[in-house]
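**Student:** Just passing along the structure, written as C-alpha cells.
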Amino acid sequence: MIGEVRVVDHVPTAFAALVATEIGEFAVGAGEGDLFRLALSGGPTARRCYEELAVVDDVPWELVDVYFGDERCVAADSPDANQQLARESLLDRVGIVAGVHPLSCDDPDGYGELLRAAGPLDLIHLGLGPDGHTASLFAGSEALESPGERLVVRSVDPNAHNPFERISLTLAAIDAARLAVFTVAGTEKRDSFAMVRAGEDVPAARVNAGRVVWLVDIEAAGE
Ligand code: 6PG
C-alpha cells in the first residue's frame with residue numbers, strides 16, 4: 001500500500017483536525033488570490049467527518065475552493081447527491097467559502113478542464129468501500145483504467161455492488177493532488193483495508209498522490 005497509516009480513536013475528529021491544520025498552514029503562506037483547493041467525498045463516513053470539520057473554530061473558509069472527487073448521477077438536491085451531503089454537513093454550516101464546484105454527470109470534460117485550469121488539488125478526501133473502491137473507481141470498471149490524460153469520467157460499478165451511475169475523478173486527477181486523506185471507519189471496512197495494507201490490487205490501493213494519509217479506526221484496522 002502507499003502512504004502513512006494513522007490508527008485513531010475517532011476518524012471524524014482526526015479528519016477535522018488534519019484538514020483544519022492543512023488549511024491553516026496554507027493560509028499562513030498564501031499570497032494574494034491563492035486558494036486552497038479541497039475535494040470532498042460522499043458516503044456516511046464523509047458526512048460524519050464534515051460535521052466535525054464544520055465545528056472547528058477559526059478555519060479560514062474564505063480561502064477554500066471546494067471541488068468533488070465523485071458524484072452520483074441524481075438531482076443536485078437529492079438526498080443521495082454528494083453535493084447535497086456536503087451542503088448539509090459542511091458548506092451551509094461554515095458560511096462563505098471561496099467557491100463551490102459541484103460535479104455534474106452531464107459534463108465530465110468540462111469539469112476536467114476546470115480542474116486543469118485551477119491546478120492540482122491541495123487535498124482530496126477519499127473513502128474506502130467494503131469492495132476496495134475509492135471515489136467512484138470500481139474494480140473492473142473502465143473508469144479505473146482511464147488513460148492518463150482524462151481527469152474526469154462517467155462510471156458505473158460493473159459488479160453492481162454500488163448503486164447509481166456516477167461521475168468520478170480518475171486516478172490521474174487524484175494522483176495530481178498534494179495530499180489524499182482516506183477515512184476508514186468500522187468493522188465493515190476491515191477486510192478491504194486489510195487488502196489495501198497487504199498490497200492487493202484494489203482500486204484504493206492504486207492511489208499515489210503527493211502524500212497519502214490513511215485515518216483508520218481500531219475496528220477497521222483490526223487492532
Ligand atoms: C460515494 C463515495 C464513495 C465512498 C465510499 C466509502 O459517493 O459513495 O464517494 O466512494 O467514499 O463508498 O464510503 P464510506 O466511507 O462512507 O463508507
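Since every read-out is calculated from the coordinates, none of them should be taken as a lab result. Everything numeric here is computed off the predicted structure, so don't read it as measured data. Here the Cβ positions follow ideal geometry from the backbone for every residue, glycine too, while neighbour counts run over all protein chains shown.
**Student:** Relative contact order for the chain: what is it in percent, counting Cα pairs under 8 Å that are at least 6 residues apart?
**Tutor:** Working: 485 pairs, mean separation 57.3, N = 223.
For the chain, the relative contact order is 26 percent.
**Student:** Over the stretch 1-122, what is the mean sequence separation of C-alpha contacts under 8 Å (at least six apart), divided by residue count, expressed as relative contact order in percent? Before the final figure, lay out the partial values.
**Tutor:** On the way: 153 pairs, mean separation 32.7, N = 122.
Value for the stretch 1-122: 27 percent.
**Student:** Write down the Kirkwood hydrodynamic radius of the stretch 1-78, to one decimal in angstroms, obtained as one divided by the mean of 1/r over all alpha carbon pairs. Present the calculation step by step, with values, prior to reporting the outcome.
**Tutor:** Details: mean 1/r = 0.0704 Å⁻¹.
Computed over the stretch 1-78, the radius equals 14.2 Å.
**Student:** Can you sort 105, 73 from fewest to most other Cβ atoms within 10 Å of each residue's own Cβ? Present the calculation step by step, with values, prior to reporting the outcome.
**Tutor:** Working: 105 16, 73 19.
Going from least to most buried by this count: 105, 73.
**Student:** Between residue 117 and residue 21, how high is the FRET efficiency from 1/(1 + (r/R0)^6) when r is the Cβ-Cβ distance and R₀ = 35 Å? Nearest 0.05. All intermediate terms of the calculation are to be shown ahead of the outcome.
**Tutor:** On the way: r = 27 Å, r/R0 = 0.79.
For R0 = 35 Å, the calculated efficiency reads 0.80.
**Student:** Continuing with this model, one more query. For the chain, which cysteines have no disulfide-compatible partner, meaning no other cysteine Cβ under 4.7 Å?
**Tutor:** 49
**Student:** Continuing with this model, one more query. Restricting to DSSP H runs of at least four residues, report the calculated mean residue ellipticity at 222 nm for the chain, -39500 (n - 2.57) per run over all residues, nearest 500 deg cm²/dmol.
**Tutor:** Details: 7 runs with 63 residues, N = 223.
Taken over the chain, the calculation gives -8000 deg cm²/dmol.
**Student:** At 0.692 mPa s and 37 °C, plugging the Kirkwood radius over alpha-carbon pairs of the chain into Stokes-Einstein gives what diffusion coefficient in µm²/s?
**Tutor:** Details: Rh = 17.2 Å.
Translational diffusion coefficient: 190 µm²/s.
**Student:** With the crude spin-label approximation of a point 7 Å out along Cα→Cβ, what separation in nm comes out for residue 160 versus residue 218?
**Tutor:** 4.0
**Student:** Got a sec? How would 45, 187 order by Cβ neighbour count within 10 Å, fewest to most? Mind dumping the intermediate values first?
**Tutor:** Numbers: 45 24, 187 11.
Placing the least packed residue first, the sequence is 187, 45.
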